[in-house]
Amino acid sequence: MSIDALSAILLIPALSAAVLAILPGYRLTAKLNVAASLATFLTSLSLFVVEPVSGQYLLMDDLNKVFIVLTTFVSLTTSVFSASYIQHEIETGRLTPAFLRFYHAMYQTLMFAMNLALVANNIGLMWVAVEVATLTTVLMVGIYRTHEALEAAWKYFILGSVGIALALFGTILVYMAARPVVGEGLDGMVWTVLVKHAAKFDPALLNVAFAFLLLGYGTKVGLAPLHAWLPDAHAEGPTPISAVLSGLLLNVALYALLRFKMMLAVNSAAIAPGPLMVTMGLISVIFAALMLYRRRDIKRMFAYSSIEHMGIIVFAFGMGGPLANFAGLLHMTMHSLTKSAIFFAVGHIAQVKGTQKIADISGLTVTNPALGWGLMLGVIAIVGLPPLGIFMSEFLVVSSTFARAPWLTVILVLGIIIALGGLLLRIGAVMFGEPKGRTAPAEASYVPMFTHLGLVLMAGIYLPPVLVTGFQNVAKLLG
Amino acid sequence: MSSLQFDIAHLLAGSLVLASFMMLYQDRLYALLNVYALHAGVLALSVAWQAYVQHAPHLYVTALIALVFKAIIIPVALHRIIKRLGIHREIENVIGIGLTMMAGIGLVALSMVVMLRVTPSADALAREDLAFALSVVLLGLLIMVTRRNAVSQVVGFMSLENGLVLAATGAKGMPLVVEISVAFSVLIAFIVIGVFLFRIRERFDSVDVQELDRFRGERR
């Protein structure tokens, strides 16, 4: 088998993980981590030039192309951020070089697992990839070995494993539903085969399977009743991991859910997954919005904001149709970019101030103007104020819903406004209050943060037609 | 398929549910681990029987993995960890045994009702297996939520995974990918757990999850 771009985006992270596990010296490994992520990103861009052929194990279509490019891009910028972040952690002694070797190897393993989940054409393989991604992030969340970090990692491990176990049961049920139609063996798990024949599957079995898949992968997406692991894992792990968790891993779980939704859509007798997703999405939005008000920890606050936005995205995909799907995709992209930019800023702020407590961080625009205004811009973007990209996508979600279900729009908009109030209230004090705490200038790398924010700003003002047609194709594919 | 083959498969899968129930009321760690070893042993037998009935030699490998890895290596290793941590005392349950058993019976009934109703077209063997497997999964979940001790939560999780293996082998002709992956995930999970137990012990001098709970997440 020759190595095409599809296997290259798996091989590069896998090999670099092995190399990074051996190499000593954190300066070198941090650079190598960036180089590996860059190579993966460039390879993923080449998918636009030469389209690889889908096989029995790997799959390439318009849907996962969007996810792959987004994943590899954010993992590249996060690796740049991580290099400067980690240097500070070494200097303050929170992490030792031995942990760093482990950290970098795990970073590339996570990239490998996420890419594998995105390109897998086999629902079993996809499940394995999501499981590997979960386990690597569990290890990374607990890396500081503090009381809180261990609790967060333990909770994440238990809830994540239960979720992923339910997803496996759902996967087995899908195979059971497929077996009478496509026959025994591998075909019953190949996604392209499944979706072709899904119309003839037993609808009752598919319904139950989807319930398990929604609960299982929904846990990983962070939907409301199942979200308990998310704020802890985001708040206690190293910030680059918070950025990757929030910006990428939630998307990967969502991607798995979307694949199964597409399969169910083919079968007219099965339940429509839409209303279920709409309900869970709305619950997440309202719940997370209300939780934003009383947060004391800045990373935890943005973790709840991630739940809110995943809720909006799941809501949009649940509504379905070309416009809502388009809005959902755009919102997902914008959220990934903005939320990781916010975590980049918050990571450096926490390092400068030596705390994550909101009450102890104040007057950032005076003490650290670049970080402060960067975070401010990020928050303005994330609450959905114009002219940034999230305003665009939220507007599209709301307006596309309004034509079909005005009452749902009311609930959704209410949630968005409550969240806007909560975030601005908290962040106002952080930005413009009396300067508190250490005022040392940050040794931060601003490039990743402002690259992301620049892209979000650009998307709010002008969406390149190439992107629009690309997203439209995917939206059609999603049905 | 002869009715004897079906009866034996039925018996073995049913025994797995029974073993899950036995785990539910164990109140000492060593006893819980022994029942877990029994659980894994029954699983190995059940998988081996499926391999014989379905003429699927690759399932013998799964049975072997279950027997060696889950029924022997993991329980022995956990025994040693418990001894080293010195926590072989009684397990605190969150709710009483009676209530737990009632909840367990309710869950089994639920999974029967759900699975038997939606799988009329599947062949009888797979159908019964799937219903039993779901019961084992749900009982595993119940064990996890009713225990405070980190070790017993882990055991609950592993019994849950046994239920998944039963479901995967019951689905006729399902590719090996999944079985290996399940075994593999248990392996990784176990390493993670091993590391964590020691870390938790290091930090808190206890593996009681309630100790962890004092930190309700939010910093104050």
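The values are calculated or read from the model by the stated rules, or taken from the named source; none is laboratory data. Predicted model, so just to flag it, every value in this text is computed and none were measured. Please note: Cβ atoms are built from the backbone with ideal geometry, for glycine as well, and neighbour counts cover all protein chains shown. Accessible surface areas use protein heavy atoms only, side chains included; no ligands, DNA or RNA. Shrake-Rupley method; radii C 1.70, N 1.55, O 1.52, S 1.80 Å.
Counts of other chain beta carbons within 10 angstrom of each beta carbon in peptide B:149-162 average 2.
Structural descriptor for chain A: relative contact order 15 percent, calculated from alpha carbon pairs under 8 angstrom and at least 6 residues apart.
Normalised by 2.2 N^0.38 Å, with N the number of residues, the alpha-carbon radius of gyration of the stretch B:1-134 equals 1.19. Between the beta carbons of A:LYS476 and B:LEU18, assuming R0 = 51 Å, the FRET efficiency works out to 0.50 to the nearest 0.05.
In the frame of its principal axes, the stretch A:421-469 has Cα extents of 48, 31, 12 Å, reported largest first. If you take the square roots of the eigenvalues of the alpha-carbon gyration tensor of the stretch A:192-246 and sort them as a ≥ b ≥ c, do you get rounded (a/c under 1.5), prolate (a/b over b/c) or oblate? It is oblate, given that a/c is not under 1.5 and a/b is not larger than b/c. Report summary: the helix-based calculation at 222 nm, which adds -39500 (n - 2.57) for every DSSP H run with n ≥ 4 and divides by the residues of the protein assembly as shown, gives -26000 deg cm²/dmol. Each listed q (0.11, 0.14 Å⁻¹) maps to a log10 I(q)/I(0) for chain A, found by the Debye formula over equal Cα scatterers with no solvent: -0.84, -1.42. For B:ASN149, the residues whose modelled amide H falls within less than 5 Å of its own, excluding neighbours fewer than 5 places apart on the same chain, are B:GLU92, B:VAL209. Any idea which of A:ALA440, A:GLY454, A:THR137 is furthest toward the positive side of the dipole for the protein assembly as shown, if Lys and Arg beta-carbons carry +1 and Asp and Glu beta-carbons -1? My answer, from the dipole projection, is A:ALA440. Calculated accessible area for chain A comes out at 31 Å² per residue, all protein chains present (probe 1.4 Å; ligands, DNA, RNA ignored).
Working note: Karplus 6.51/-1.76/1.60 with θ = phi - 60° gives the stretch B:56-70 the couplings 10, x, 5, 6, 4, 4, 4, 4, 5, 4, 4, 5, 6, 7, 7 Hz, where Gly and Pro are set to x. Lys-Lys pairs in chain A that are eight or more residues apart or on separate chains and whose Cα atoms lie under 12 Å of each other come to 4. Judged by the ratio a/c of the largest to the smallest principal axis of the C-alpha gyration tensor, the stretch A:29-122 counts as prolate, that ratio being 1.5 or greater while a/b is larger than b/c.
Chain A and chain B together bury an accessible surface of about 4500 square angstrom, both sides counted, with a 1.4 Å probe and no ligands or nucleic acids included. Solvent-accessible surface of the stretch B:42-139, taken per residue with a 1.4 Å probe and all protein chains present: 48 Å². In this structure the amide hydrogen of A:ASN122, modeled in the peptide plane, comes within under 5 Å of the amide hydrogens of A:TRP191, none closer than 5 places in sequence on its chain. The GluC sites (Glu not before Pro) of the stretch A:120-193 include none that meets both criteria, a DSSP state outside H, G, I, E and B (loop) and at most 13 other C-beta atoms within 10 angstrom of the site's C-beta. A straight line joining the Cα centroids of the stretch A:400-479 and the stretch A:339-390 runs 13 Å.
Distance from the alpha carbon centroid of the stretch A:200-249 to that of the stretch B:3-17 works out to 35 angstrom. Mark the label point 7 Å from the Cα of A:ILE22 along Cα→Cβ and return the residues of the stretch A:79-107 whose backbone N is within less than 20 Å of it. What the label zone holds, given the 20 Å backbone N cut-off, is A:98-107. For the protein assembly as shown, the fraction of 1.4 Å probe accessible surface lying on carbon and sulfur atoms is 69 percent.
Summarised in one figure, the compactness ratio Rg/Rh of the stretch B:11-66, Cα atoms and Kirkwood Rh, is 1.08. Here is the result for the stretch A:221-300: no chymotrypsin sites (Phe, Trp or Tyr not before Pro) lie in DSSP coil with at most 12 other C-beta atoms within 10 angstrom of their C-beta.
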